[in-house]
Structures are given as C-alpha cells and as structure tokens.
C-alpha cells in the first residue's frame with residue numbers, strides 16, 4: 001500500500017495545457033460569426049474558466065485546492081486543502097491512471113461531495129509519482145490492492 005504523505009506541487013505542464021486550450025477556444029469564438037454581446041459573454045466565461053482552473057487544479061493557489069494526500073487505511077484517504085482543512089475521503093473506482101497523468105476521483109465522507117485531483121508528472125517527485133501509478137493500477141481504484 002502507498003503509505004506515505006504526498007505533497008502536491010504546482011503543475012506548470014498542466015497550466016500550459018490549460019492556457020493553450022482556453023486560447024484555442026477564444027480563437028474559435030473570434031472566428032465564429034456571432035453577435036458581439038454573445039461573443040463578449042463567451043470570452044468572459046472562457047477567461048473565468050481559465051482563471052479558476054489554473055488556480056484550483058494546476059497552480060493549486062485557491063483556498064479549496066488539495067495540496068496534500070495521505071492514505072489512512074485500505075479505503076480511506078486524508079486530503080488537505082490550502083486552508084489546512086483535513087477532509088476524509090474514499091477513492092472512487094472511476095479514477096484514471098496513465099503514463100503522464102493520474103486523475104483521482106474522491107467522494108468526501110463528511111458531506112458526500114465528489115472531488116477530482118489531477119496529478120501530472122511535475123506535481124510530485126518522480127519516485128512518488130511512480131508509486132502512485134503502481135498503487136492505482138494494483139488497487140483498481142477501490143483502495144485495496146488487487147481488488148476486482
């Protein structure tokens with residue numbers, strides 16, 4: 001089992017990806033022939049989405065951004081946000097793991113809200129990222145290695 005605390009760093013790869021994605025969206029909006037009030041609203045919403053996504057998921061600057069993960073036992077994890085709140089959560093089975101990216105989907109135990117944590121290679125030291133990927137592949141997202 002993964003039994004160490006994972007301190008998440010800002011992901012500059014993910015920040016660059018988000019900026020490119022949102023810039024492409026703005027370019028497509030500019031090329032479309034739509035009324036200017038609708039265009040301004042769409043561009044404003046796109047830029048708002050960029051700012052939120054950068055601060056919450058990529059750079060982890062928002063108060064509710066998760067900055068620390070720690071497995072507590074076989075099915076419970078402790079998530080700590082930037083405010084210092086510690087949130088007990090269960091890892092969902094629909095988490096995603098690839099060579100460059102891990103998306104952990106959690107369900108908070110206290111209020112049953114769902115939260116996703118996007119972790120790219122530059123968010124963790126290489127050894128910790130490898131351990132997390134191995135843990136995710138072995139656990140099948142159920143919190144217990146080898147569970148089917």
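Couple of notes before you dig in:
- Neighbour counts of other Cβ atoms within 10 Å put 104, 41 in the fewest-to-most order 41, 104.
- Taking a point 7 Å out from the Cα of residue 47 in the direction of its Cβ, the residues of region 1-37 whose backbone N falls within less than 17 Å of it are 19-31, 36-37.
- Distance cut-off 20 Å, percentage of C-alpha pairs in the chain lying past it: 52
- Acute angle (nearest 10 degrees) that the helix 36-53 long axis makes with the longest principal axis of the chain, alpha-carbon atoms: 20
- Efficiency of FRET from Cβ geometry, residue 7 and residue 73, R₀ 22 Å, rounded to 0.05: 0.65
- Alpha-carbon centroid distance for the pair region 1-27 / region 55-78, whole angstrom: 14
- The angle between the Cα long axis of helix 126-139 and the longest principal axis of the Cα atoms of the chain comes to about 70 degrees, rounded to the nearest 10.
- Structural descriptor for region 37-112: relative contact order 17 percent, calculated from alpha carbon pairs under 8 angstrom and at least 6 residues apart.
- Length available on full extension from residue 131 to residue 34: 0.36 nm per residue minus the Cα-Cα distance, which gives 30.0 nm.
- Between helix 12-31 and the chain: long-axis angle, C-alpha atoms, 0 to 90°, nearest 10: 30
Only the coordinates and a few stated rules stand behind these numbers; no lab work does. Bear in mind that the values here come from a model prediction, so they are computed numbers and not experimental data. Glycine gets a Cβ as well: all are built from the backbone with ideal geometry, and neighbour counts include every protein chain shown.
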